[in-house]
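The values are calculated or read from the model by the stated rules, or taken from the named source; none is laboratory data. On a predicted model such as this, the values are computed, not experimentally measured, just so you know. Because the Cβ atoms are built from the backbone with ideal geometry, glycine has one as well, and the counts that use them run over all protein chains shown. Accessible surface areas use protein heavy atoms only, side chains included; no ligands, DNA or RNA. Shrake-Rupley method; radii C 1.70, N 1.55, O 1.52, S 1.80 Å.
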Amino acid sequence: MIVAFILISMGLMNWSARGISRVEYMFLWKQLDESNVAKAEFDGDVVRGTWKKIPAKPDPQSADLKADFIVDLPVPFDHELKNHMRTHGVQFSGKSPSGYLTGSDLMVLLNLVVFVAFGWVIWQIMRRNSDPMGSGMMSNFIRSPAKRFKATDQQTTFDDVAAMEHAKADLQEIVEFLKTPAKFQRLGAQIPKGVLLMGSPGTGKTLLARATAGEAGVPFFTINGSEFIQMFVGVGASRVRDMFKTAKESAPCILFIDEIDAVGRHRGAGMGGGHDEREQTLNQILSEMDGFTQTESVIVIAATNRPDVLDPALLRPGRFDRHVTVDKPTKTGRVAILKVHVRKVPLDSTVDLERIAANTIGFSGAELKNLVNEAALNAARTSRDSVLPEDFDAAREKILMGPKREEVLNEHEKEMTAYHEAGHALLAWLLSDVDHVHKVTIIPRGRALGLTWLVPDEDRYNVGESRLHSQLAFMLGGRAAEKMVYDEYSAGAENDLKRATAIARKMVTRWGMSPAIGPVAFRDSEEHPFLGKEMHEQREYSDETARVIDSEVHKFLMQADRRAIEVLTEHRDKLDALTKALVDKESLDQDEIAEIIGVPAKRGV
Ligand code: ADP
Ligand code: MG
Ligand code: ZN
């Protein structure tokens, strides 16, 4: 490719030289005397120009002359020659030697520019191809892409992390050690090498790791687990080696491996060709962690939201033996997190963060941050200069239910959707152990035509059997209402059925809630989230058991369906009233529902 390019550029230069021939100084004088020079241009110690008509060649051996000439001057910018030209009325030009480019200089320069641009393009292409994670070309290939944050430009501290007092307390010890390692070493205390942060996405694991480094005032190196996985086998392992080397050189420091499950998965559980590389990388991490001594003050923090899939070897003492669970925030935690994120947002005085926190059960830190942002955007859209409680409500609905859809349902579809949602809502309203209805709507949002929105009960960490059965009835309630009213099912219940079936199957195969199966837990696809169902042929139970499981799941679902139909038939008047109000108003909140059908005796709203 490059050779071809050089040939092309040589061709270009030849071409530019084609119309010019070099002649003797005296030859030029003679031609001037014959008034055969059209114009000339002085350039340092040469002069170029054009003949009026091409003169005959000075001697028979030389080649034919071209339209243009070039002459070497005895002295630069030859004044005598210039005077001679003036007397013959020849137009000439000449610039000072500096900053002046002749045609052929330009050509060379142009070629150079093209060449460099060409090279750059090739380099870019090679870079893209070689490393999808974007860390650079061949030489950078092996180097770990761990981004380095020095102690000084470290802004995040524990003050930026709201709530999470537990986790912060656990990490405080790490901070102390990094600040004053001698204090611990003197007493022969064992300092953990590795800390594993576990928690669902958005709960602030990355933030917490960064804040730990900031709090201790040490450098912070971060890498994402997926960055180890490269196109070429062996690259991941050498990246690990390089990363640990760099970290040791700048000890004390924190090395943070985010989303370690990408490499730290159970060895041998991978699918396809990729897992060789992953295993090598994981082994390298393990041996590096074993390799450094306690005095080296490098602390490796790793984060994952799938601790269950991690290789047990990673969790052994001396490796990631310190486990810190990062939970979703409780109500007080949510208030604190909201406070952090509204610092820069002008709030109206009517905004009550306590109320917002109460209505955002199950939100993670990241979702709360998003909520504040969406609310601010909503306020900006209506050109207000402070954020109102309505903005928070709109933001919450958008986050939970997706953006509103534009299309308008026709009357029949609208009524059918209303019956479906009213069916769900009524069951949730009447069955004592289903969560409270927060809102029911038939405004199409996200992927759903309508939605019944429940508020989960905050302080419940376990679900009982009867609650699950009620849950199933609630899920099948939409479909049951459709069948009751129109005597046919619609395709709108697909998601309900899928979720209900999944729950019923778990009740049977994992939670031992089926008398026919008994207290047996069966292995299922959950253990290998990346394996398709068809991949794990080696079921641990017989066909006979499989048949019993299927029939138990079926039984649970049929029971739930019957229960839904019973309740809805008994309260048909309420179902109709709710549907009518829904068609009218498109969405109803808790208070409006209570107004229409009253508060059931068994629950206070
Ligand atoms: P994870 O790594 O657990 O997925 P992150 O640390 O990336 O979550 O959190 C995402 C964002 O959510 C953070 O940048 C931060 O702004 C916000 N956030 C999460 N938890 C908290 C918290 N406890 N206090 C303040 N902000 C938080
Ligand atoms: Mg993260
Ligand atoms: Zn439904």
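A few remarks follow.
- Å² per residue, accessible surface of the range 331-401 at 1.4 Å: 50
- Summary of packing: across the peptides 324-330, 540-546, 306-312, the per-residue average of other C-beta atoms within 10 Å ranks them, highest first, as 324-330, 306-312, 540-546.
- Stretching V340 away from V583 to a fully extended chain increases their span by 83.4 nm, per 0.36 nm per residue minus the current alpha-carbon distance.
- Accessible-area composition of the range 411-597, carbon plus sulfur, in percent [1.4 Å probe]: 50
- Straight Cα distances below 27 angstrom link K339 to the lysines K168, K205, K328, K331, K369, K398, K439, with same-chain residues fewer than 8 positions distant left out.
- Accessible area per residue for the range 411-597 is 53 Å², calculated with a 1.4 Å probe on protein heavy atoms, without ligands, DNA or RNA.
- Partner lysines for K82 [C-alpha distance under 21 Å; skip if fewer than 8 residues away on the same chain]: K30, K39, K52, K53, K95
- Selection from H554, L582, H436, by position along the positive dipole direction of the range 411-597 (Cβ): H554
- Kirkwood hydrodynamic radius (C-alpha pairs) into Stokes-Einstein, the range 411-597, 37 °C and 0.692 mPa s, D in µm²/s: 186
- Straight-distance crosslink candidates among aspartates and glutamates, where the alpha carbon sits under 20 Å from K183 and sequence neighbours closer than 8 are dropped: D170, E173, E215, E296
- Working from label points 7 Å from Cα in the Cα-to-Cβ sense, the K498 to S349 distance is 4.9 nm.
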